[in-house]
Amino acid sequence: MSEKKNRLTVIDGETLMDTRLEPTKFCIDTLLPQGITILGGAPKIGKSWWVLDICIRIAKGESVWGMPTTKGTTLYLCLEDTLRRVQERLCLITDDVPSNAFFATAAHTLAEGLCDEIRAFVKEHPDTIFVAIDTFQIVRNGGVDTSYGNDYDEIRRMKQLADELNISLLLVHHLRKQGDSDPLNKLSGTTGIVGAVDSVFVLDKSKRSENLATLVCTGRDIEHRQLEIKFSNKDFVWELKSDSREQPEKLLPPEMELLVQFMKEQETFVGGNSEFVELFNRLTDSEVTVKGFKQMMNRWRYDLEEFGVHYRDHRSNGTRLLEVKYIPSSAVGSDESAVSDETNSV
């Protein structure tokens, strides 16, 4: 029994490549992914105003700076504020606060059971998608241990919670007093904090008297980007002035566009990978390689499905088979079970 308990859960490379895994889910499209994110900024710079604003927008399903949000229940632990102050700020930024946006001004620390408190809330509100803790320092265990290992361990506990509950968990944090040319090095604490989170946001501005700031964003599931923002003293929200990330219209590469047209004509294919690519090259006058074409298909598989191309790659009697079908969107809607069978793992 002990030997079985101590065995690693592993997956071989071939099976991993053939497994159909869901893409990363976003609370704010392209910006705030599921998992744990830390937002750093100097005191009184305006971090809490932004967190309050996105809590309301996510709860309503409204876009944030033109980026769509996934609508759901939000929880904002505004631990440095009173309910009166939160109410005053809400009155300044909106006249419509939805009932699925929740607030709390007190919570236990990690050692006292914070994770269980959040679990209990999500159990009562299963559509919870976003939780913000402002500030992270208040819920930390405290003590004299300021080591890399302690910072990493505390963040890892919060990350495990976010992954368990399938939520976006945002930790508001402070910056060091000394400056640094790299915004990520300005976060208070050791590099264990940056190393353990999924994404890092740093709200930075050079002159405290100005309303302009830069939100630097980086992470495992998002592109590095810098958003130039300005705080509106009229509406009390951060407005987007520019975004370093270009957002072109989502288009398939030429090879994948050709694949869609190819499958509209072929409708279905069952055979080997080499056989499929050979047929594709012959009928479309292309010169793609088997490896490169399959890598591209894997990279764009969810986009291909939006255009009706579904495929699965599996072994049958020791032979590796590729099954590709063109299923119009109308057919997908009318027979979801059939589509599910056709879109098993690749």
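The values are calculated or read from the model by the stated rules, or taken from the named source; none is laboratory data. Everything numeric in this text was worked out from a predicted model, so none of it was measured. Cβ placement follows ideal geometry from the backbone for every residue including glycine, while neighbour counts extend to all protein chains displayed. To get the accessible areas, we keep the full protein, side chains included, count just its heavy atoms, and leave off ligands, DNA and RNA. Shrake-Rupley method; radii C 1.70, N 1.55, O 1.52, S 1.80 Å.
At a glance:
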read-out: Selected residue (only one of Phe262, Phe307 is free of Cβ contacts under 8 Å to residues at least 60 places away in the same chain and open to solvent by less than 80 Å² (accessible area, probe 1.4 Å)); value: Phe262
read-out: All positions within the range 124-142 that are more than 23 Å from Ile56 (Cβ to Cβ) and at pLDDT 95 or above; value: none
read-out: Inter-residue pairs, beta-carbon under 9 Å, first of a type in the set (Lys, Arg) and in the range 113-135, second assigned to a helix (DSSP H, G or I) and surrounded by 13 or more Cβ atoms within 10 Å (Cβ to Cβ), 6+ apart; value: Arg119/Leu161; Arg119/Leu165
read-out: Tally, over the range 8-36, of residues that are open to solvent by less than 10 Å² (accessible area, probe 1.4 Å), touching a Gly at 6+ places or on another chain (Cβ under 9 Å) and either over 21 Å from Val86 (Cβ atoms) or assigned to a loop (DSSP other than H, G, I, E, B) (or both); value: 2
read-out: Some residue of the range 46-64 being modelled with pLDDT under 95 and surrounded by fewer than 16 Cβ atoms within 10 Å (Cβ to Cβ); value: no
read-out: Residue match in the range 274-297 (condition: closer than 30 Å to Leu90 by Cα and open to solvent by less than 50 Å² (accessible area, probe 1.4 Å)); value: no
read-out: Residue in the range 104-124 that is in contact with a Gly (Cβ under 9 Å, 6 or more places away or on another chain), within 21 Å of Val64 (Cβ to Cβ) and either assigned to a loop (DSSP other than H, G, I, E, B) or charged (D, E, K, R) (or both) present; value: no
read-out: Verdict on Asp95 being within 20 Å of Glu239 (Cα to Cα) and surrounded by fewer than 17 Cβ atoms within 10 Å (Cβ to Cβ); value: yes
read-out: Arg89 vs. criteria open to solvent by 30 Å² or more (accessible area, probe 1.4 Å) and within 27 Å of Leu212 (Cα to Cα); value: yes
read-out: Set Val200, Val172: member being touching a Gly at 6+ places or on another chain (Cβ under 7 Å), at pLDDT 90 or above and aliphatic (A, V, I, L, M); value: Val200
read-out: Among residues of the range 311-346, those that are among the hydroxyl-bearing types (Ser, Thr, Tyr), surrounded by fewer than 18 Cβ atoms within 10 Å (Cβ to Cβ) and at pLDDT 75 or above, counted; value: 2
read-out: Condition check for Gly149: on the phi > 0 side of the Ramachandran plot, surrounded by fewer than 17 Cβ atoms within 10 Å (Cβ to Cβ) and not β-branched (Val, Ile, Thr); value: no
read-out: Strands (runs of 3 or more DSSP E) within the range 197-246 that include 3 or more residues open to solvent by 70 Å² or more (accessible area, probe 1.4 Å); value: none
read-out: Members of the range 65-86 that are open to solvent by 10 Å² or more (accessible area, probe 1.4 Å), within 27 Å of Asp243 (Cβ to Cβ) and of a type in the set (Ser, Thr, Tyr); value: Thr69, Thr70
